[in-house]
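*Asks:* First, the structure itself, so that you have it in front of you.
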Amino acid sequence: MSEIVLVKIKRRENPQSAPYWETFELPNKPFANVISVLQDIQRNPVNIGGVRVKPVVWDCNCLEEVCGSCTMVINGRVRQACAALIDSLEKPVTLEPMSKFPAVRDLQVDRSRMFRDLQQAHAWIDIDGTHDIGEGPVIDQDTRHKAYELSQCMTCGCCLESCPQYTLDNNFLGPAVFSQARYFNMHPTGAMHKDKRLEPLIKEGGIANCGNAQNCAAVCPKHIPLTESIAEIGRQTTFYLLKKLFTE
Amino acid sequence: MKTLSKSEIQFLLLKLHSLTGIIPIGLFLVFHLGFNSLRTVGVQQYQFGIDLINNMPFLLWIEVLCIHIPILFHSFMGFYVAYQGKYNAFRYAYARNWMYTLQRITGGVVFLFLIYHVGTTLFPKMMEGKHLYEASPFLIGIMNEQMATWSGRLIYLVGILSATFHFANGLWGFCISWGLLIGKDAQRNAGIAFMFMGLILTLWGVATMAAFALDPVSVEPVFSGGTFL
Ligand code: HEM
Ligand code: SF4
Ligand code: SF4
Ligand code: FES
C-alpha cells in the first residue's frame, strides 16, 4: 500500500461553465474507497498546489452499491464510487462525472431523464383503483427468479454511460428502460398493461435505436441480462407491431 | 386509417433499414457470390449462368426495384445511423463493441466498393448497350482485366471481406433486434455460427477471384438475337 494517493478530479462550477482538472494529494488510509477519499477532500479541500479551494461536490447515499447515486467515471470506466476501493485502482485515480447526463457541479449530474423515461414506459404495476382488481395469480419459480434478476436495477446509469447509442441530446430510452418494461410485462398483473409499455418503445428513441453493441450488459454492476431484455422486448415489439399494422 | 406521427415513421424506417439488410440485400449478396462462383467450375458454366441472368425479362426493372433502391435506402439510413453513434470502442474495448463499430465502418467501405464495382461493370454494360448474350463476354473481359492486377485484387478482397462481415454480423444483430435470438448463450453461439457462414461466403468470393486471376480466358457470345425488355 502506497503512502499517498493522487486523485485527479474533473471539476466544473456550474452547468454552463467549462470543466477543468484539479489534483489532490492525500495520505492513503486502509480500506479507503473513492467516497471516503472525497470525504477527506471535503474536510481539507487543499489542492496539490497548496491552494484552499471549494470542496468537491458529489452524490452518494446508500454506500453499499444499491442506490446508484454515486455513479461516476473512475479511471475511464463508469462504476459506483462507494464500491471502488482505492487499493484496487491504478494511480493516480481520475474521477469524472458521467458524460451522458446534464452536468450539475463537479461530479454531480442530473439523472432525471432516466426517471422520466421509466414513466414513459409505464414501469410500474397498477394497483387497485376505485375498484378491486382482485388477487394476483401465483407466479412460477423460474419466472420469479428471472424477475428478481431484473428487479435489481438501481437506475444508476452505467449502462447508458457506456452505450454508444445513448447521447446527451438524443431521446433513446436505453437498455435499463427496456429491461424494466420486460420486468413489468412478465408479471401477470403487469401484463394487463403490456401494450401501454410497448407503445413508447416503437417510436423514435425506442427499441429500434439499439445497435447491439452490448456494452450495457458488460458494465451493469447488477449483472442484469440487458441483452436478453433487449431481445425479448425486440420480440414483444415485433408481435405488437404486426398486430397494430395488420389487425387493427 | 390513422396517420403516422414523425416519431412512428422514424421507428418504421429503422425497422425497414434492418429488414432490407436481409431481404433483399443480404439474399442478393448470397446469390451474387453463389452465381459468380460458377467461374470456379469453368468459364463455359460461368457464361451460361451470366447469360441466364442477362436474358431475364424486365431485368433492369428487377435490378432497380429489388437491388438498387433497397441498397440506396439501406446505405442512406446506414450513414444516418452511423453518424449518430458516439463511438467508444477504445474506452470500452469489448469484442461486441468492436463489432458494433466495425459494422458501421464496413458499411461505409461496402458503399465505396459498390460505387467502384457498379461503375466498372453494370455502368459500362448499360452505356455500351451490351445486353442478352452480348453481356457475358463483355463482363468476363472486364473481370479478367480487374483480376490481372494486384490493385484490382486488393480492392475486391477488401470489398468482399467488408460485405461478408457486414452481412454476417448484421444477420446476428437482426436476429436480436427482431427477437429471434434471446438467451445469452444462444446469442453467443449464433454469433459464432454466423461468422462461419461469413467465412464460407468470403471463401466463395476469393475462389472466384482466383479463378479469374489464374485463368483469364475470353469468350464469344453463344447466340445472337432476342429483345432487351
Ligand atoms: C452488401 C451490402 C449490404 C448488406 C448485405 C447489408 C446488410 C446489413 C444487415 C443484415 C444489417 C443488420 C440489420 C440489423 O441490425 O437489424 C445491416 C445493418 C447496418 N448496415 Fe448494412 N448492408 C449492406 C450495405 C450497407 C451500406 C452500404 C451501409 C452504409 C453505411 C450500411 C450500413 C449499416 C449500418 C450502420 C447498420 C447497423 C444498423 C444498426 O445496428 O442499428 N450497410 N446491414
Ligand atoms: S440496468 Fe444496470 S447499469 Fe443500467 S441502470 Fe440498472 S443497474 Fe444500472
Ligand atoms: S446493446 Fe449496445 S446499443 Fe443497445 S442498449 Fe446496450 S449498449 Fe446500447
Ligand atoms: S452510494 Fe449508493 S451505490 Fe454508491
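The values are calculated or read from the model by the stated rules, or taken from the named source; none is laboratory data. Bear in mind the structure is a predicted one, so any value in this text is a computation, not a measurement. Cβ: placed from backbone, ideal geometry, glycine included. Neighbour counts: every protein chain shown. Just so you know, the surface numbers come from the protein's heavy atoms only, side chains and all, with ligands and any DNA or RNA stripped out. Shrake-Rupley method; radii C 1.70, N 1.55, O 1.52, S 1.80 Å.
*Asks:* If I ignore ligands, DNA and RNA and count only protein heavy atoms, how much of A:Glu65 is accessible to a 1.4 Å probe, in Å² to the nearest 10?
*Replies:* About 60 Å², ignoring ligands and nucleic acids.
*Asks:* Using helices alone, what [θ] at 222 nm do you get for chain B, with -39,500 (n - 2.57) per DSSP H run of 4 or more residues, divided over all residues and rounded to the nearest 500? Mind showing how you got there, number by number?
*Replies:* Numbers: 10 runs with 161 residues, N = 229.
It comes out at -23500 deg cm²/dmol, rounded to the nearest 500.
*Asks:* Across the residues of A:153-162, average count of Cβ atoms on other protein chains within 10 Å?
*Replies:* 1
*Asks:* Here's another thing I want to ask about it. Treating only the Cβ atoms of Lys and Arg (+1) and Asp and Glu (-1) as charged, compute the dipole magnitude of the range A:112-247 about its Cα centre; round to the nearest 20 debye.
*Replies:* My answer is approximately 300 debye.
*Asks:* From the gyration tensor of the Cα coordinates in the protein assembly as shown, what semi-axes in whole Å does the equivalent ellipsoid have, largest first, with each one equal to sqrt(5λ)? Kindly include the intermediate steps, with their values, before the conclusion.
*Replies:* Numbers: eigenvalues 552, 179, 68 Å².
Ellipsoid half-lengths, sorted descending, are 53, 30, 19 Å.
*Asks:* How far, in nm, would the chain grow between A:Ile4 and A:Glu90 when pulled straight, counting 0.36 nm per residue and subtracting the alpha carbon separation?
*Replies:* 29.7 nm
*Asks:* Taking only C-alpha pairs under 8 Å that are 6+ residues apart, what is the relative contact order of the range B:116-215 in percent?
*Replies:* 31 percent
*Asks:* Could you work out how far apart the two model spin labels at A:Val104 and B:Ser218 are, taking each label as a point 7 Å from the Cα in the direction of the beta carbon, and quote it in nm?
*Replies:* Rounded to a tenth, the inter-label distance reads 7.7 nm.
*Asks:* So what's the projected area for the range B:122-229, the Cα convex hull averaged over all directions, in nm²?
*Replies:* On the way: hull surface 38.2 nm².
With every direction weighted equally, the projected area is 9.5 nm².
*Asks:* Additional query: Relative contact order of chain B, please, whole-number percent, based on alpha carbon pairs below 8 angstrom and at least 6 residues apart.
*Replies:* Result for chain B is 30 percent.
*Asks:* Gain in length, B:Gln45 to B:Ile105, computed as 0.36 nm per residue apart minus the alpha-carbon separation, to one decimal in nm?
*Replies:* Contour length minus the Cα-Cα distance gives 18.0 nm.
*Asks:* For labels at A:His223 and B:Leu60 in the simple 7 Å Cα→Cβ model, what's the distance in nm?
*Replies:* 6.3 nm
*Asks:* Helix-derived [θ] at 222 nm for chain A: sum -39500 (n - 2.57) over DSSP H runs of at least 4, divide by residue count, nearest 500?
*Replies:* Details: 8 runs with 78 residues, N = 248.
Value at 222 nm, helices only, nearest 500: -9000 deg cm²/dmol.
*Asks:* Taking a probe of 1.4 angstrom, what is the accessible area of A:Ser99 in Å², to the nearest 10?
*Replies:* About 60 Å², ignoring ligands and nucleic acids.
*Asks:* Rolling a 1.4 Å sphere over the protein heavy atoms, what is the accessible area per residue of the protein assembly as shown, to the nearest Å²?
*Replies:* Result: 51 Å² per residue.
*Asks:* Give me the accessible area buried between chains A and B, both sides summed, with a 1.4 Å probe, in Å² rounded to the nearest 100.
*Replies:* 2900 Å²
*Asks:* Calculate one ³J(HN,Hα) per residue across the range A:47-52 by plugging θ = phi - 60° into the Karplus curve 6.51 cos²θ - 1.76 cosθ + 1.60, and present them in order as whole Hz with x for glycine and proline.
*Replies:* 7, 5, x, x, 8, 6
*Asks:* Another question, if that's okay. Under DSSP H, which helices of chain B have Cα atoms covering 24 Å or more of the helix axis and a Kyte-Doolittle average no less than 0.0?
*Replies:* Details: long enough: B:95-120 (36 Å, 0.63); B:150-177 (39 Å, 1.01); B:184-214 (45 Å, 1.05).
Counting only whole DSSP H runs, the qualifying helices are B:95-120, B:150-177, B:184-214.
*Asks:* Just to confirm my numbers, what's the Cα centroid distance between the range A:36-72 and the range A:191-224 in Å?
*Replies:* Taking the Cα centre of the range A:191-224 as reference, the centre of the range A:36-72 is 33 Å away.
*Asks:* Take every residue in peptide A:222-229, count the Cβ atoms of other chains within 10 Å of its Cβ, and give the average of those counts. Don't jump to the answer; show the numbers that get you there.
*Replies:* On the way: counts 0, 0, 0, 3, 0, 8, 7, 1.
The shielding value for this peptide is 2.
*Asks:* A follow-up question, please. Report the one residue of B:Thr121, A:Gly174, A:Pro27 whose Cα lies farthest in the direction of the positive end of the charge dipole of the protein assembly as shown (charges on C-beta: Lys and Arg +1, Asp and Glu -1; origin at the Cα centre).
*Replies:* The Cα lying farthest towards the positive end belongs to A:Pro27.
*Asks:* What is the magnitude of the charge dipole of chain A about its Cα centre, with +1 placed on the Cβ of each Lys and Arg, -1 on the Cβ of each Asp and Glu, and no other charges, expressed in debye to the nearest 20?
*Replies:* Numbers: 27 positive and 29 negative charges, 122 e Å.
Value, rounded to 20: 580 debye.
*Asks:* Straight-line reach only, C-alpha to C-alpha below 30 angstrom: list the lysines that A:Lys194 could link to, leaving out same-chain residues fewer than 8 apart.
*Replies:* A:Lys194 reaches A:Lys100, A:Lys146, A:Lys203, A:Lys222, A:Lys243, A:Lys244, B:Lys2, B:Lys6, B:Lys15, B:Lys184.
*Asks:* Still on this model: Provide the FRET efficiency to the nearest 0.05 for the B:Trp150-B:Leu229 pair, computing r from the beta carbons and using R0 = 25 Å.
*Replies:* For B:Trp150 and B:Leu229, the calculated efficiency is 0.05.
*Asks:* While we're on this one: Please name whichever of B:Leu38, B:Gly107, B:Leu27 sits farthest to the positive end of the charge dipole of the protein assembly as shown, dipole taken about the Cα centre and charges placed at Cβ: Lys and Arg +1, Asp and Glu -1.
*Replies:* In the protein assembly as shown, that residue is B:Gly107.
*Asks:* With +1 on each Lys and Arg Cβ and -1 on each Asp and Glu Cβ, how big is the dipole of the protein assembly as shown about its Cα centre, in debye rounded to the nearest 20?
*Replies:* In total the dipole reaches around 700 debye.
*Asks:* Here is a follow-up. Going by the alpha-carbon gyration tensor, a ≥ b ≥ c the square roots of its eigenvalues, is the range A:4-109 rounded (a/c under 1.5) or, if a/c is not under 1.5, prolate (a/b greater than b/c) versus oblate? Before the final figure, lay out each step's value.
*Replies:* Working: a/c = 1.57, a/b = 1.03, b/c = 1.52.
It is oblate, given that a/c is not under 1.5 and a/b is not larger than b/c.
*Asks:* On the full set of protein chains, 1.4 Å probe, figure out the accessible area of A:Asp87 and give it in Å² to the nearest 10.
*Replies:* 90 Å²
*Asks:* Here is a follow-up. Would you please name the GluC sites (Glu not before Pro) within the range B:111-180 that are DSSP coil residues with at most 16 other C-beta atoms within 10 Å of their C-beta?
*Replies:* Sparse-neighbourhood loop GluC sites (Glu not before Pro): B:Glu128.
*Asks:* What is the range A:106-226 by shape, rounded, prolate or oblate, if you read a ≥ b ≥ c off the alpha carbon gyration tensor as root eigenvalues and call it rounded for a/c under 1.5, prolate for a/b larger than b/c, and oblate otherwise?
*Replies:* Values: a/c = 1.96, a/b = 1.60, b/c = 1.22.
Prolate, because a/c is 1.5 or more and a/b exceeds b/c.
*Asks:* Could I ask something else about it? Can you give me the relative contact order of chain A as a percent, contacts being Cα pairs under 8 Å and 6 or more apart?
*Replies:* Values: 398 pairs, mean separation 41.3, N = 248.
So the answer I get is 17 percent.
*Asks:* Summarise the partner chain shielding of B:97-105 as one whole number: the mean count of Cβ atoms from other chains within 10 Å of each residue's Cβ.
*Replies:* 3
*Asks:* Still on this structure, I have one more. Any idea which of A:Gln236, A:Ser112, A:Asn209 is furthest toward the positive side of the dipole for the range A:112-247, if Lys and Arg beta-carbons carry +1 and Asp and Glu beta-carbons -1?
*Replies:* Farthest towards the positive pole: A:Asn209.
*Asks:* By how many nm would the segment from A:Asp142 to A:Thr23 lengthen if fully extended, with 0.36 nm per residue of separation less the alpha-carbon distance? Before the final figure, lay out each step's value.
*Replies:* Numbers: separation 119, 0.36 × 119 = 42.84 nm, distance 4.99 nm.
Taking A:Asp142 through A:Thr23 to full extension adds about 37.9 nm, to one decimal.
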